[in-house]
1. Checking residue 22 against (1) more than 14 Å from the chain's Cα centre (by Cα); (2) at positive phi: exactly one of these is not met. Which one?
2. Quick one: residue 230 ticks every box in (1) surrounded by fewer than 19 Cβ atoms within 10 Å (Cβ to Cβ); (2) within 25 Å of residue 20 (Cα to Cα) bar one, so which box is it?
3. Just the residues that are in a strand (DSSP E or B) and under 22 Å from residue 163 (Cβ atoms), please, taken from the stretch 1-26.
4. Does the stretch 170-214 hold any residues that are within 15 Å of residue 146 (Cβ to Cβ) and open to solvent by less than 40 Å² (accessible area, probe 1.4 Å), and which are they?
5. Checking residue 59 against (1) closer than 16 Å to residue 220 by Cα; (2) modelled with pLDDT of 95 or more, which test does it fail?
6. So, in the stretch 27-48, of the ones that are over 13 Å from the mean Cα position of the chain (by Cα) and part of a strand (DSSP E or B), which residue ends up farthest from ligand 2 (Cβ to nearest atom)?
7. Could you list all residues from the stretch 118-160 that are surrounded by fewer than 14 Cβ atoms within 10 Å (Cβ to Cβ) and among the aliphatic types (A, V, I, L, M)?
Amino acid sequence: MTGDAPVLLAAREVSKSFGSLKAVDRVSLEVRRGEVFGLAGPNGAGKSTLFNLLTGIPIRPDSGEVVFDGREIQNRSPRLIAKAGLKRTFQTEAVFDSLSVMENLRVSSAYGGAGRAVRPDPARCREALDVVELGGDPERPADGLSLIDRKRLMIACALVSRPALLLLDEPAAGLDPADQDALIRLLGRIAGSGVTMVIIEHVLSVLEALAGRMAVLDSGRIIATGVPAEVLSDPKVVEAYLGPGAAR
Ligand code: ADP
Ligand code: MG
């Protein structure tokens, strides 16, 4: 269905080195409007660095282009990228502990919301809490939240400005199987509401459940792209995860 949809995000030959380490090495990929695109790969493969390059936080590519919604964004400020409708979450549950649930949403809607004078919209904040099913008193402090609820809040903060594209960095990390299932349902609902997503995930069942297509990064390079069942049985991918000889 999304095969004919327009490309929403394209990375073209994007590279980033740290000293002699090529963390992201000429990566190209296309994400179509409406799809859930998975990104997997061993630790240190360059997945989070790629997200950093796509969002300008906190680094930019050494070379290559990032095109979002038809415009090159690799030289735009992170704030303008967010305003254009590209939001992300971080690998650690980045919420402001000392602020309440609602204050976290207000801060987030002030950053990267649409329009010039950005005023937090209470209706949108409540809508975001509903989507992630984070109930309870919205004025309670964030530091008392369980891990899954911190993840819900982080995702709600990203959704509050109604982004076109949401990048999620290892959303299932640290969750037990029951909470992983809850997260899969939650992300499925968000995808169903029309938000395009790129999900970095080690928990491959999450990608199998949600991703229409996925890519695997290894040592900064994309080594496979396609539907999850094919990619995950690709000998190159098995070897990258389990070491030489594992695929035989
Ligand atoms: P992944 O998310 O796939 O586990 P990362 O993108 O975090 O991998 O890291 C890719 C490689 O780049 C790793 O070797 C990591 O140590 C290195 N790296 C990431 N960020 C920096 C940085 N700011 N400075 C130096 N090296 C970095
Ligand atoms: Mg990472």
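1. (2)
2. (2)
3. If the condition is that a residue be in a strand (DSSP E or B) and under 22 Å from residue 163 (Cβ atoms), then 7, 8, 9, 10, 11, 12, 14 are the ones that fit.
4. 171, 172, 173, 175, 180, 182, 183, 186
5. (2)
6. Ranking the candidates gives 32 first.
7. 123, 147, listed by residue number.
A quick yes/no check of all residues on (1) under 22 Å from residue 194 (Cβ atoms); (2) among the polar types (S, T, N, Q); (3) open to solvent by 20 Å² or more (accessible area, probe 1.4 Å):
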site: 32; (1), (2), (3): yes, no, yes
site: 37; (1), (2), (3): yes, no, no
site: 47; (1), (2), (3): no, no, no
site: 51; (1), (2), (3): yes, no, no
site: 60; (1), (2), (3): no, no, yes
site: 65; (1), (2), (3): no, no, yes
site: 68; (1), (2), (3): yes, no, no
site: 72; (1), (2), (3): no, no, yes
site: 79; (1), (2), (3): no, no, yes
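The values are calculated or read from the model by the stated rules, or taken from the named source; none is laboratory data. Predicted, not measured: the structure shown is a model, and the values here were computed from it. Don't worry about glycine lacking a Cβ; one is built from the backbone with ideal geometry, like all the others, and counts go over all protein chains shown. Areas reflect the complete protein model, heavy atoms only, side chains present, ligands, DNA and RNA absent. Shrake-Rupley method; radii C 1.70, N 1.55, O 1.52, S 1.80 Å.
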